[in-house]
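For reference, the structure discussed in these notes is given below.
The values are calculated or read from the model by the stated rules, or taken from the named source; none is laboratory data. All of these numbers come straight from a predicted model, not from anything done at the bench. Cβ placement follows ideal geometry from the backbone for every residue including glycine, while neighbour counts extend to all protein chains displayed. Ligands, DNA and RNA are excluded from the accessible area calculation, which covers all protein heavy atoms including side chains. Shrake-Rupley method; radii C 1.70, N 1.55, O 1.52, S 1.80 Å.
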Amino acid sequence: MKTSTMAGLATLAAGGVFLAGISLGTNNDNDGSGNGSNGRTPVAATPQKAPANGPYVALGDSYTSGPNIPSQATAPAGCDRSDRNYPSLVAEQLNLTGADFRDMSCTGATIADLTSPQSTDNGVNRAQLSALSAATRLVTIGIGGNDIGFSSLIKQCVKSGVLHYAMGSGKYSAVAAPCREEYDSGATDEIQLRIDKAGTRLATALAEVKRRAPQAEVYVVGYPAILPPKAGNCGREMGLAPADVPFLHKEAQSLNTTLRERASAAGAVYVDTYKPSVGRDACSDRTTRWIEPMIPLAPAAPVHPNARGERGMADAVLNALGTPE
């Protein structure tokens, strides 16, 4: 790693080119390199019930769709769906093909896009719930990050991080966590307020899923570890002030907690992808990580799962289903 302040800032500025692609998610054309399909880690989980049969409908945002992971679907191209994302891997394991498997996930999707058409930069995705019917027997849903503005949160935190390092890594400023102080005054946590609102919207969406597909087993898929709980060397690698790393980790965990609570209240099963991904976040070794950093070294969008991460998430879903991987 470069040690001078200016060299460090140059590195961060280069990484800033990728900020436009950080979301759950925004289209990004970085092809990356490396093999993201190795390093599977079986997930130990207690089966909830007997495996569901199809038809299977997958709903979600870009952590579900898998932007930049080969091969990408073409209709609509703007949804950035990979044929190696976790829904496709789950369907493959369950031997579901053709009309028995519908992947409706789309990059940039919010909970509102479950019930309304979503315009992308390259086509329109139909309302995701339009794929549900009385015949549907299995539904997975991974969504909520865009509802809390995760992409803009990361962008703002990186901007604050660049300034932090420009100010001498805290040497000339008493603000150790500039992004946290912007969003969390101590009395009010703005991100938590957004999470609470997303939870309310998800509860309504899950009720609609049940109405449209009354016979379906519904699985709410949480988010994997994106950042570690402690900064270590992660802050400079990601362009974040060190103390902002645990702040962002905490907010992501809070979102997962809300997803779990809302799933339980709706009679759905929560799929924990965080536990099996601990130590495989964006700041971990490139040969084992599930999430790519600001500048991906494997085919994936910045701060998104690579093929290994999608495989790990699929394993977590299959374990929840009680199905061998």
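Numerical summary
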{"quantity": "Unmet requirement for residue 100, which otherwise passes all of (1) over 16 Å from the mean Cα position of the chain (by Cα); (2) over 21 Å from residue 213 (Cβ atoms); (3) at pLDDT 95 or above", "calculated": "(2)"}
{"quantity": "Test: residue 133 is assigned to a loop (DSSP other than H, G, I, E, B), under 18 Å from residue 87 (Cβ atoms) and open to solvent by 40 Å² or more (accessible area, probe 1.4 Å)", "calculated": "yes"}
{"quantity": "So residue 279, is it farther than 28 Å from residue 162 by Cβ, part of a loop (DSSP other than H, G, I, E, B) and free of Cβ contacts under 8 Å to residues at least 60 places away in the same chain", "calculated": "no"}
{"quantity": "Of all residues making up region 284-296, the number that are crowded, with 23+ Cβ neighbours inside 10 Å and either in contact with a Leu (Cβ under 6 Å, 6 or more places away or on another chain) or free of Cβ contacts under 8 Å to residues at least 60 places away in the same chain (or both)", "calculated": "1"}
{"quantity": "Residue check, residue 12 part of a helix (DSSP H, G or I), in contact with a helix residue (DSSP H, G or I) (Cβ under 9 Å, 6 or more places away or on another chain) and modelled with pLDDT under 95", "calculated": "yes"}
{"quantity": "Candidates 301, 316, filtered to the one that is small (Gly, Ala, Ser), closer than 12 Å to residue 223 by Cβ and touching a Phe, Trp or Tyr at 6+ places or on another chain (Cβ under 9 Å)", "calculated": "316"}
{"quantity": "Single residue of 43, 90 found to be modelled with pLDDT of 95 or more and surrounded by 14 or more Cβ atoms within 10 Å (Cβ to Cβ)", "calculated": "90"}
{"quantity": "Residues of region 101-130 satisfying the condition of being of a type in the set (Asp, Glu) and either open to solvent by less than 20 Å² (accessible area, probe 1.4 Å) or in a loop (DSSP other than H, G, I, E, B) (or both)", "calculated": "121"}
{"quantity": "Close pairs from region 63-78: first at pLDDT below 95, partner among the charged types (D, E, K, R), Cβ under 6 Å, at least 6 apart", "calculated": "73/81"}
{"quantity": "Extreme residue, nearest to residue 150 (Cα to Cα), among residues of region 297-325 that are open to solvent by less than 10 Å² (accessible area, probe 1.4 Å) and at pLDDT below 95", "calculated": "303"}
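So that you can scan it fast, the table gives a plain yes or no per residue for (1) of a type in the set (Asp, Glu); (2) modelled with pLDDT under 95:
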| residue | (1), (2) |
| --- | --- |
| 179 | no, yes |
| 185 | no, yes |
| 192 | no, no |
| 208 | yes, no |
| 226 | no, no |
| 233 | no, yes |
| 241 | no, yes |
| 255 | no, no |
